[in-house]
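Below: the structure, in structure tokens.
The values are calculated or read from the model by the stated rules, or taken from the named source; none is laboratory data. Fair warning: this is a prediction, and the values are worked out from it, not measured in the lab. Heads up, the Cβs are rebuilt from the backbone with ideal geometry, glycines too, and the neighbour counts pull from every protein chain shown. Just so you know, the surface numbers come from the protein's heavy atoms only, side chains and all, with ligands and any DNA or RNA stripped out. Shrake-Rupley method; radii C 1.70, N 1.55, O 1.52, S 1.80 Å.
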Amino acid sequence: MVVQHRVFQGVGASPGIGIGRVHLVDRRRVHYAKTRIQQRQIPAEIERFLAAIQVSERQLEALAQRLQQSIERTAAEAERTRPARRRTDPEGRASIRTDHLSILVAHRLMLRDPMLVDGTIARISNERLCAEWALRMTLREVKSLLDDVADDYFRERRSDVDFVGDRILRNLTGGGAEASAPEGSVVVAHDLSPADTLGLLRSKIAGFVTDVGGKTSHTAILAQALGLPAVVAAGDISDLAGDGDLVSLDGATGEVVLRPGRAVLARFRQVADKRAQFDAELRAELHLPTETRCGQRVALQANIDRGDEVELLLALGCDGVGLLRTEYLFLEEQKTASTAHSAAYRQVVEALAGLPVTIRTFDLGGDKVAVGSGWQREPNPALGLRAVRYCLRERDLFRAQLRGVLEASAHGKTRLLLPMISGVHELREVKVLLEEERAALRAAGIPFDERMAVGAMIELPAAVWIADQLATEVDFFSVGSNDLVQYILAADRDSELVAHLYRPLHPAVLRALQQTARAAQGAGIGLALCGNMASEPLYLPLLLGLGYSELSMPVLAIPRIKRVVRSVSMDECRALAAEALRLSTAPDVERLVDQRMRSLLEPALL
Ligand code: PEP
Ligand code: MG
């Protein structure tokens, strides 16, 4: 039997053609490290276990409530449409839901089962097993007891034990398994967290495709950083693909073909060749100055997540690092000492040999949490304890990082950048800590740059509204457009369900960009933009026209953006920005930008 190929249209998240065998990563399986704890860690470990049970209880309660509401709605509907009842059998559906409800109630009771709870606690205390391991052992014991009962009903309860156990485990581990895959494979998953993606990058895969996700998610950004072809929001591919199926994906257009035939493969390879040719052409121009046709210089800097990207950014001749995302050092290696930070930053600062390196403090939280860290889940992580808010709570970790950045500043041009700033008070709190760390270094005779620039990321609407006030407190702004768009439009950057609302050219975003630029210019401070808007050829002239001439982007985007810069003049850019600012809908702005750019840029750039 010939198995039909199947086409999926997702969203291109990181350009490039990837062809390989499917490797399915099931994010729903829970992995954990089996560790023995020390005697003194026992109380905290028990605490962690009990907290995971509490979270599980709350989750089941919320599920049960939703189900209860749905049962009530069905009953009310049945009451209203009494004659139709026999035909549509709402009672049947309602009774299935009532069964589910009883299962949820049973699961909640199981969470408090003494055999499960006391058994796990006993293993933590007596055998000094970590909570995950102790729980797994206890679950195994409970299941084997059920096995021995000669009653089908009890034997079937084994899967309930698994269900409840997995829920507690997931809440203990912070939700995940570190994914890995065979070299050259294409990972297909329902969803991947940035922490998963980091694991996959180590496996040298050919690309990945996920059912869900957004183009500016951190997972997509990581893929862009390493030139890993990726498509997100591809629907139900993780259900339909089988391990070992051939798959081809185009990370620029979002096209994915499962089990492609020869002709399709040839087409993908042809596209890859053509793009490689164009890339070679762009790279041959890297020695040319980055300036518009009218001679305006533009600084193109790199966003990097890991020190090993430095070699490439130097080869591509970029003007420094506009954004060093430090959280990956922490996520990958859980480094907490200031010496570890200082060494990592110093390596980048020294390699850049005098070019600026903008080190952003931890943007942990949101979707960036370490696998197995037991991070407390929040109902709205994007609005939760993220970035500078988290740092101001975990002060020891934050101080260690600040010290690390200060120490690195003795070795090259270093700038400190603070993410997710919402007000002047936060900046001042950080400055107090920074000053204390400076004083400690002075006292210890450790050198650092006394004039190291400190900047605020403009990512929240609040920061835009008070940009003039923030501008008096910092040396520069760097607009994080990925988050700015998300927060202005209340459209989750990670969710394909609201991707149609996530519109960087929305008039509200344009005004925010304009207001931020004016505030920076008015105060005479630096102005940069480091979100993904900077790497989109279509948006570039508009950004230049709005006053952004320091742009930071994934390293691999630089050659293409350089060609765009060299193709336009500032008059054209300013005229475009002025016209765009007069429009009142995102589609109108998108149309204008698209039309104008098609007349200015060659098709291969778009
Ligand atoms: C941004 O929000 O635009 C940004 C550069 O930061 P991150 O993508 O890491 O949130
Ligand atoms: Mg951000």
* Asked: Can you name every residue in the stretch 411-442 that is within 16 Å of ligand 2 (Cβ to nearest atom) and closer than 17 Å to Ile525 by Cα?
  -> Leu416, Leu417, Leu418, Ile421
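Mind counting the residues in the stretch 448-461 that are away from ligand 2 (no atom under 14 Å from the Cβ) and hydrophobic (A, V, I, L, M, F, W, C)? Spell out how you get there, then give the answer.
Step one: filter the stretch 448-461 for residues away from ligand 2 (no atom under 14 Å from the Cβ), giving 448-454.
Now drop any that are not hydrophobic (A, V, I, L, M, F, W, C), which leaves 448, 452-454.
Residues that pass the stated criteria total 4.
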* Structure fact -> Listed by first then second residue, the pairs whose first member lies in the stretch 297-309 and is over 16 Å from Met553 (Cβ atoms), whose partner is small (Gly, Ala, Ser) and open to solvent by 10 Å² or more (accessible area, probe 1.4 Å), with beta carbons under 7 Å and at least 6 positions apart or on separate chains, are Gly307/Ala344
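Count, please, the residues in the stretch 415-467 that happen to be closer than 21 Å to Cys391 by Cα and either in a helix (DSSP H, G or I) or β-branched (Val, Ile, Thr) (or both).
Within the stretch 415-467, the first condition is being closer than 21 Å to Cys391 by Cα, and the residues that meet it are 415-441, 452-463.
Now narrow it down to the ones that are either in a helix (DSSP H, G or I) or β-branched (Val, Ile, Thr) (or both): 421, 424-441, 454, 458, 461-463.
Final tally of qualifying residues: 24.
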* **Where a residue in the stretch 515-531 is within 16 Å of Asp475 (Cβ to Cβ) and among the basic types (Lys, Arg) and its partner, wherever it lies, is in a helix (DSSP H, G or I) and open to solvent by less than 30 Å² (accessible area, probe 1.4 Å), with Cβ under 6 Å and at least six apart** => none
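How many of the residues in the stretch 453-463 are without any contact (Cβ under 8 Å) to a residue 60 or more places away in the chain and open to solvent by 10 Å² or more (accessible area, probe 1.4 Å)?
Filtering the stretch 453-463 down to residues without any contact (Cβ under 8 Å) to a residue 60 or more places away in the chain leaves 454, 456, 458-463.
Cutting the leftovers down to open to solvent by 10 Å² or more (accessible area, probe 1.4 Å) gives us 454, 460-462.
Of the residues in that region, 4 qualify.
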* From (1) within 16 Å of ligand 2 (Cβ to nearest atom); (2) closer than 30 Å to Ala453 by Cα, pick out the condition that doesn't hold for Leu313. => (1)
* Of all residues in the stretch 526-549, which are in contact with a Cys (Cβ under 9 Å, 6 or more places away or on another chain) and either open to solvent by 10 Å² or more (accessible area, probe 1.4 Å) or within 15 Å of ligand 2 (Cβ to nearest atom) (or both)? -> Gly545, Leu546
* For Ala528, are the conditions met, namely being assigned to a loop (DSSP other than H, G, I, E, B) and not charged (D, E, K, R)? -> no
* With the condition kept exactly as written, say whether any residue in the stretch 553-570 is part of a helix (DSSP H, G or I) and without any contact (Cβ under 8 Å) to a residue 40 or more places away in the chain. => no
* Structure fact -> Log entry, pairs with first residue in the stretch 49-62 being more than 20 Å from Asp118 (Cα to Cα) and in contact (Cβ under 8 Å) with a residue 60 or more places away in the chain, second being hydrophobic (A, V, I, L, M, F, W, C) and part of a helix (DSSP H, G or I), beta carbons closer than 9 Å, six or more apart or on different chains, reads Leu60/Leu104; Leu60/Val105; Leu60/Leu111; Leu60/Val164
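Residues are listed down the side, and each one gets a yes or a no for (1) at pLDDT 75 or above; (2) within 15 Å of ligand 1 (Cβ to nearest atom); (3) touching an Asp or Glu at 6+ places or on another chain (Cβ under 9 Å); (4) open to solvent by 20 Å² or more (accessible area, probe 1.4 Å):
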{"position": "Gly365", "(1), (2), (3), (4)": "yes, yes, yes, no"}
{"position": "Gly374", "(1), (2), (3), (4)": "no, no, no, yes"}
{"position": "Glu378", "(1), (2), (3), (4)": "yes, no, no, yes"}
{"position": "Ala382", "(1), (2), (3), (4)": "yes, yes, yes, yes"}
{"position": "Ala387", "(1), (2), (3), (4)": "yes, yes, yes, no"}
{"position": "Arg393", "(1), (2), (3), (4)": "yes, no, no, yes"}
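Residue by residue, here is whether (1) within 12 Å of ligand 1 (Cβ to nearest atom); (2) buried (at least 24 other Cβ atoms within 10 Å of the Cβ); (3) of a type in the set (A, V, I, L, M, F, W, C) holds:
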site	(1), (2), (3)
Ile466	no, no, yes
Gln469	no, no, no
Phe476	no, no, yes
Val479	yes, yes, yes
Val485	yes, yes, yes
Ala491	no, no, yes
Glu496	no, no, no
Arg503	no, no, no
Pro507	no, no, no
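Within the stretch 280-293, identify whether any single residue is in a helix (DSSP H, G or I) and under 30 Å from Val405 (Cβ atoms), and answer yes or no. Before you say what the answer is, go through the steps one by one.
Of the residues in the stretch 280-293, the ones in a helix (DSSP H, G or I) are 280-283.
Subset that is under 30 Å from Val405 (Cβ atoms): none.
Scanning the stretch 280-293 turns up no residue that is in a helix (DSSP H, G or I) and under 30 Å from Val405 (Cβ atoms).
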* Structure fact -> In the stretch 410-452, anything within 16 Å of ligand 1 (Cβ to nearest atom) and open to solvent by less than 10 Å² (accessible area, probe 1.4 Å) is listed as Leu416, Leu417, Leu418, Pro419, Met420, Ile421
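So if I check each of Val212, Val187, which one is closer than 30 Å to Gln59 by Cβ, modelled with pLDDT of 90 or more, of a type in the set (Val, Ile, Thr) and surrounded by 24 or more Cβ atoms within 10 Å (Cβ to Cβ)? Before the answer, list the steps.
Numbers: Val212 fails: surrounded by 24 or more Cβ atoms within 10 Å (Cβ to Cβ).
The unique qualifying residue is Val187.
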* Asked: Among (1) in contact with a helix residue (DSSP H, G or I) (Cβ under 8 Å, 6 or more places away or on another chain); (2) away from ligand 1 (no atom under 15 Å from the Cβ); (3) farther than 24 Å from Val349 by Cβ; (4) at pLDDT below 95, where does Ala400 come up short?
  -> (3)
* Which one of Leu513, Leu505 is within 16 Å of ligand 2 (Cβ to nearest atom) and of a type outside the set (Val, Ile, Thr)? -> Leu513
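Against the definition (of a type in the set (Val, Ile, Thr) and away from ligand 2 (no atom under 16 Å from the Cβ)), how does Val479 come out, yes or no? Talk me through it step by step, then tell me what you get.
On the way: of a type in the set (Val, Ile, Thr): yes; away from ligand 2 (no atom under 16 Å from the Cβ): no.
Here the answer is no, as Val479 does not meet what is asked.
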* Has the stretch 385-392 got any residue that is more than 30 Å from Ser56 (Cβ to Cβ) and either out of contact with any Leu (no Cβ under 7 Å at 6 or more places or on another chain) or within 16 Å of ligand 2 (Cβ to nearest atom) (or both)? -> yes
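Suppose the filter is under 12 Å from Val555 (Cα atoms), touching a helix residue (DSSP H, G or I) at 6+ places or on another chain (Cβ under 9 Å) and in the same structural domain as Leu551 (by TED's automatic domain parsing); does Leu312 pass it?
Working: under 12 Å from Val555 (Cα atoms): yes; touching a helix residue (DSSP H, G or I) at 6+ places or on another chain (Cβ under 9 Å): yes; in the same structural domain as Leu551 (by TED's automatic domain parsing): yes.
Spelling it out, Leu312 is indeed under 12 Å from Val555 (Cα atoms), touching a helix residue (DSSP H, G or I) at 6+ places or on another chain (Cβ under 9 Å) and in the same structural domain as Leu551 (by TED's automatic domain parsing).
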* For Ser180, state whether it is hydroxyl-bearing (Ser, Thr, Tyr), at pLDDT 85 or above and surrounded by fewer than 24 Cβ atoms within 10 Å (Cβ to Cβ). => no
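Might you let me know whether the stretch 333-354 holds any residue that is within 16 Å of ligand 1 (Cβ to nearest atom) and open to solvent by 20 Å² or more (accessible area, probe 1.4 Å)? Steps first, please.
Looking only at the stretch 333-354, we keep the residues that are within 16 Å of ligand 1 (Cβ to nearest atom), and these are none.
Within the stretch 333-354 (the criterion being within 16 Å of ligand 1 (Cβ to nearest atom) and open to solvent by 20 Å² or more (accessible area, probe 1.4 Å)), the answer is no, since none of the residues qualifies.
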* Residue count, the stretch 573-597 (criterion: over 31 Å from the mean Cα position of the chain (by Cα) and open to solvent by 60 Å² or more (accessible area, probe 1.4 Å)) -> 5
